[in-house]
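Worksheet: the structure to be examined is printed underneath.
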Amino acid sequence: MSGISDPLMRDGSMLTNSRYTITKDALETISEDDSYSVIGTGSSMTFKALDGGCIRDNLENDALVYNIAQPSSRAYTDMLHIPRIVN
């Protein structure tokens, strides 16, 4: 599916007000961090509210916390990211 959707998401024709390219690059970085990762996704509410550093400082393990939420995200946008997050 990503082979079909990536070009449309990168040029912005599939999504509005998207951070897709930033999110895709973030997922590549997260996959290389060699640690447990907690990933927050969703819309502007998560984007504004999730402070990864604050959460990480209050965890009892060494997990890294990432906020890849997107303002104006829709359910289909999040569904496109879920397979990438799992991988």
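Between Asp33 and Arg74, take the C-beta separation as r, use R0 = 41 Å, and let me know the FRET efficiency to the nearest 0.05. Efficiency at R0 = 41 Å is approximately 0.90. Extending 7 Å from Cα along the Cβ direction at Lys48 and again at Val86 yields two label points whose distance is 3.2 nm. Each 5 Å bin from zero holds the following percent of Cα-Cα pairs in the stretch 21-87: 4, 17, 28, 26, 17, 8, 1.
All of the numbers you see were taken from the coordinates with simple rules; none came from a lab. Remember, predicted model here, so these are calculated numbers, not experimental data. Cβ coordinates were reconstructed from backbone atoms using ideal geometry, including for glycine residues, and neighbour counts include every protein chain displayed.
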